[in-house]
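Dropping a structure here in structure tokens format, bear with me for questions.
The values are calculated or read from the model by the stated rules, or taken from the named source; none is laboratory data. The structure presented is a predicted model; accordingly, all values stated were derived computationally and were not measured. Quick reminder, even Gly has a Cβ in these numbers, built from the backbone with ideal geometry, and neighbours come from all protein chains shown.
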């Protein structure tokens with residue numbers, strides 16, 4: 001039975017990062033390492049963003065819990081102080097999505113296609129080599145961890161790469177209720193792939209008008225009646 005060695009994987013990422021010429025360190029998973037043994041749901045985006053290295057954010061995996069719930073994230077240019085843990089706009093989108101998919105955030109295989117951090121994708125050095133490394137890394141992950149649902153943030157970057165990597169079949173576009181933006185759904189061996197716009201910009205999960213589209217994309221496992229407010233209450 002195949003397995004993944006976190007120590008070896010971390011060493012490989014460190015080596016690739018050192019050779020990449022980038023300088024803002026790296027991050028692979030927003031989840032604990034146990035998801036590398038098995039996870040029903042995966043969430044992948046292109047690469048970690050930011051213009052500094054957060055000292056309290058682990059690089060390979062979380063010791064426990066989910067970064068989407070437990071970490072305090074920078075507020076960016078519009079907000080001078082960090083958000084409370086789990087309360088940044090993107091964290092709220094992700095926490096709501098996981099709740100409506102009836103999965104604990106810490107049990108989601110949540111990670112970055114390319115682990116190297118940069119303020120923007122354009123500012124990352126060595127795009128082609130970074131993507132080549134990321135594809136190989138995730139090919140090995142998906143060879144062991146076989147989620148039945150893979151969610152990708154990034155219609156034009158991470159989405160097509162993961163669609164190709166998983167050998168997804170014919171793709172159906174679903175207008176998402178946000179102008180001309182459409183999500184995509186397709187099937188791969190053993191599961192469903194859903195590609196969304198990046199939720200840091202398009203906050204579709206908490207928009208009422210987007211719920212029919214999300215139900216169509218995710219199917220019966222998505223329950224729009226669940227909310228963080230109701231859970232807290």
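Which of the residues that make up segment 1-13 are part of a helix (DSSP H, G or I) and touching a residue at least 12 places away in the same chain (Cβ under 8 Å)?
Of everything in segment 1-13, those that are part of a helix (DSSP H, G or I) and touching a residue at least 12 places away in the same chain (Cβ under 8 Å) turn out to be 6, 9, 10, 12, 13.
Yes/no per residue for (1) surrounded by 20 or more Cβ atoms within 10 Å (Cβ to Cβ); (2) modelled with pLDDT of 95 or more; (3) in a strand (DSSP E or B):
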{"site": "39", "(1), (2), (3)": "yes, yes, no"}
{"site": "42", "(1), (2), (3)": "yes, yes, yes"}
{"site": "54", "(1), (2), (3)": "no, no, no"}
{"site": "93", "(1), (2), (3)": "yes, yes, no"}
{"site": "97", "(1), (2), (3)": "yes, yes, no"}
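Then there is this: Quickly run through segment 199-230 and pick out the residues that are surrounded by fewer than 18 Cβ atoms within 10 Å (Cβ to Cβ) and assigned to a loop (DSSP other than H, G, I, E, B).
200, 201, 203, 207, 223, 224, 225, 226, 227
Separate question: Would you pick out the residues in segment 172-198 that are in a loop (DSSP other than H, G, I, E, B) and without any contact (Cβ under 8 Å) to a residue 24 or more places away in the chain?
179, 180, 189
State whether the residues of segment 184-195 include one that is surrounded by fewer than 16 Cβ atoms within 10 Å (Cβ to Cβ), at pLDDT 95 or above and touching a helix residue (DSSP H, G or I) at 6+ places or on another chain (Cβ under 7 Å).
Checking segment 184-195: not a single residue is surrounded by fewer than 16 Cβ atoms within 10 Å (Cβ to Cβ), at pLDDT 95 or above and touching a helix residue (DSSP H, G or I) at 6+ places or on another chain (Cβ under 7 Å).
Return yes when residue 86 is part of a loop (DSSP other than H, G, I, E, B), surrounded by fewer than 17 Cβ atoms within 10 Å (Cβ to Cβ) and touching a residue at least 12 places away in the same chain (Cβ under 8 Å) and no when it is not.
No: the conditions fail for residue 86.
Can you spot a residue in segment 145-160 that is outside any helix (DSSP H, G or I), touching a residue at least 12 places away in the same chain (Cβ under 8 Å) and farther than 23 Å from residue 35 by Cα?
Yes, there is a match, as at least one residue in segment 145-160 is outside any helix (DSSP H, G or I), touching a residue at least 12 places away in the same chain (Cβ under 8 Å) and farther than 23 Å from residue 35 by Cα.
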